[in-house]
Amino acid sequence: MSRVVRVDDEIYAALARIAAELQASLGRKVSLMEAVRHLLERKEGKGDIIELAGSWKMGDAEAAALKREIRRNRSAWRASA
């Protein structure tokens, strides 16, 4: 069953932006209803972690720096234990 919900222009624009972001991350068209569902699931903590896959874009230099930092922190942690 469908219901009609009225929103002002500001809320509609914000919802459209969220739908566009969701569409870009999923790589497919997204309805406003799906955007609302997505927001509700996030609020209720029902988000799927798989949605985050591939969301962090990094180059080789950044990946190498991150690995070095992890190794450094692990070494420091082991030395303190």
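Derivation of every value follows stated rules applied to the coordinates shown; laboratory data play no part. Everything numeric here is computed off the predicted structure, so don't read it as measured data. Every residue, glycine among them, receives a Cβ derived from its backbone with ideal geometry; neighbour counts consider all protein chains shown.
Worth a mention:
- Extent of the range 31-78 along its three principal axes (Cα atoms, max minus min coordinate, largest first): 47, 26, 12 Å.
- Translational diffusion of the chain, µm² s⁻¹ [Kirkwood Rh, Cα pairs; Stokes-Einstein; 25 °C; 0.890 mPa s]: 151 µm²/s
- Sparse-neighbourhood loop sites, GluC sites (Glu not before Pro) in the chain - DSSP loop, at most 11 other Cβ within 10 angstrom: Glu44
- One chain, two ends: Trp77 and Ala14. Fully extended at 0.36 nm per residue, the span grows by 18.3 nm beyond their Cα-Cα distance.
- Kyte-Doolittle mean at least 0.0, axial Cα span of 15 Å or more - DSSP H helices of the chain: 9-26
- Mean ellipticity per residue at 222 nm, deg cm²/dmol - from DSSP H runs of n ≥ 4 across the chain, formula -39500 (n - 2.57): -21000 deg cm²/dmol
- If R0 equals 30 Å, the separation of the Cβ atoms of Ala24 and Met1 corresponds to a calculated FRET efficiency of about 0.50.
- Dipole of the range 9-80 computed with +1 at Lys/Arg Cβ and -1 at Asp/Glu Cβ about the Cα centre; of Ala20, Leu40, Ser55, farthest Cα towards the positive end is Ser55.
- Placing unit charges on the Cβ atoms only, positive for Lys and Arg and negative for Asp and Glu, gives the range 9-80 a dipole magnitude near 580 debye about its Cα centre.
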